[in-house]
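Read through the structure below, which is laid out as structure tokens, and then see the notes.
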Amino acid sequence: MIYVLLAYEFFKIGLFAVGGGLVTVPFLFDLSEQYHWFSAAELADMIAISQSTPGPIGINMATYAGFKTAGVFGSLLATLSLVAPAVIVIYLIEKILDKWANNIYVQKVLTGIRPAVMALILFAGWDVAKVSIVDIKTACLLAALLLAMQFYRKNVFIYIIISAIAGVVLQI
Amino acid sequence: MVKLTEIYAIFCKMGLFTFGGGYAMLPILKSEVVDKRKWISEEELLNYYSIGQCTPGIIAVNASSFIGYKLRGISGMLCATAAVITPSLIIIMAIAAMLQKYMGNQYLQWAFGGIRVSVVALIICTVIDLWRKGVKNKRDYLVFFGASALLWLFNLSAISVVVLAAAGALIPNFGGKKS
């Protein structure tokens, strides 16, 4: 039963998360609230791990979430379910490629949902903040990181290492 | 005709050397598939990327599927897709298994406490970047604040928000009412 649910939920995410990467995050938060397969704090860890390991973030997240939920088989199932809608859709539009990209309604929908997707990502950030910004120490670290990122943001990995060290030093 | 094993090997490599996914993959993909092997032209690659961005799913996977299809039809598409996710599957499963074992460790917990803070910072920066690129007119503001209100006040699910925003985008001259 858990496998059917897992496949169904990740297929849905694959179908609705348009724009890639962090866009899958808000959908995963919905999952954590609905099924308690993983907690919000675990999801935050998952995002960090996905950002600092090779491979597309969305895939990493699905693999990790699937593993936490139902082991190795869960991993495979969640990841395959996540990519299935994309493969199907791409197969279909490969046949009508030019028409699709230039269709006025497709264009309208794609530009129209962009601000909503931003709101979704911000909302996901709010959920992560609720479990990670818990006192003065974490608030100060957040301010420092945000400030630093305005000046240098080539390599995200560096910030994850720095904040891990800060976490140990400050005993967050 | 390009061999399936070759497609698998190249896209496996792509999955392995891409940190951060999506756009990070573009330069590597260009050098491997366009410059070195001349499987597709640069223009085709950019086309695949822009379409991959607007179709459901992960951009990197979508771009790989397109290229695979171009090279070998359906079998090429499935092969490229499977290849690009293989490294993630192996690496993340190993990390997840290790974490479950060591998560009781106090130092690891502190480290992850710090890392979570950086995730918040990263998400905020992503939204700022997207905002600079994407929010231009009244309609965009309306959709953004409308979607935010639905999320915060009414606890709507992410899928409903996407569907509503898409429906709102199709209403001609909408400006007064929110999706």
Rg(Cα) / (2.2 N^0.38 Å) computed for the protein assembly as shown, rounded to two decimals
0.97
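Give me A:Phe38, B:Phe154, A:Phe16, A:Phe10 ranked fewest to most by other Cβ atoms within 10 Å of their Cβ, as a rough exposure proxy. Could the numbers behind the result be given before it?
Numbers: A:Phe38 18, B:Phe154 9, A:Phe16 21, A:Phe10 28.
With the fewest neighbours first, A:Phe38, B:Phe154, A:Phe16, A:Phe10 line up as B:Phe154, A:Phe38, A:Phe16, A:Phe10.
What are the semi-axes of the equivalent ellipsoid for chain A, taken as the square roots of 5 times the Cα gyration tensor eigenvalues, largest first, in whole Å? Numbers along the way, then the final one.
On the way: eigenvalues 191, 93, 41 Å².
In descending order the semi-axes read 31, 22, 14 Å.
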Note: probe point = Cα of A:Val169 + 7 Å toward Cβ; backbone nitrogen < 12 Å; residues of region A:129-162 passing the test are A:141, A:162
Can you tell me which aspartates and glutamates have their Cα less than 13 Å from the Cα of B:Lys70? Leave out same-chain residues fewer than eight positions away.
A:Glu94, B:Glu44
In the structure displayed, which of A:Lys95/B:Lys3; B:Lys13/B:Lys101; B:Lys3/B:Lys30 lie more than 31 Å apart, Cα to Cα?
none
Set of aspartates and glutamates with alpha-carbon distance to B:Lys38 below 16 Å, sequence-local pairs under 8 removed:
B:Glu6
Would you mind getting me the FRET efficiency between A:Ala144 and B:Val163? Use the beta-carbon distance for r and R0 = 30 Å, nearest 0.05.
0.20
What is the mean number of Cβ atoms from other protein chains located within 10 Å of the Cβ atom of each residue in peptide B:127-135, rounded to a whole number?
4
For chain B, what mean projected area does the convex hull of the alpha carbons give, in nm²?
14.1 nm²
Alpha-carbon Debye profile of region A:133-172, log10 I(q)/I(0) at 0.15, 0.24, 0.30 Å⁻¹:
-0.34, -0.81, -1.08
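With the cut-off at 1.5 for a/c, could you classify region A:1-78 from its C-alpha gyration tensor as rounded, prolate or oblate?
Verdict is rounded for region A:1-78.
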Region A:34-112: which trypsin sites (Lys or Arg not before Pro) are DSSP loop and have at most 10 other beta-carbon atoms within 10 angstrom?
A:Lys95
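Check each of the chymotrypsin sites (Phe, Trp or Tyr not before Pro) in region A:103-166 and keep only those in coil by DSSP with at most 15 other C-beta atoms within 10 angstrom; list them in order.
A:Tyr152
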So, in Å, what gap is there between the alpha-carbon centers of region B:107-151 and region A:12-48?
14 Å
Fully extended contour minus Cα-Cα distance, from B:Thr5 to B:Glu42, at 0.36 nm per residue
11.0 nm
Report Rg/Rh for region B:106-170, rounded to two decimals, where Rg is the Cα radius of gyration and Rh the Kirkwood radius.
1.14
In Å, what Rg and Dmax follow from the Cα atoms of region B:4-102?
13.9, 47
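Read-outs throughout are calculated quantities, based only on the coordinates presented, and are distinct from any laboratory measurement. Not measured: the values here are computed from a predicted model. All Cβ positions, even for glycine, are placed from backbone atoms using ideal geometry, and neighbour counts span all protein chains on display.
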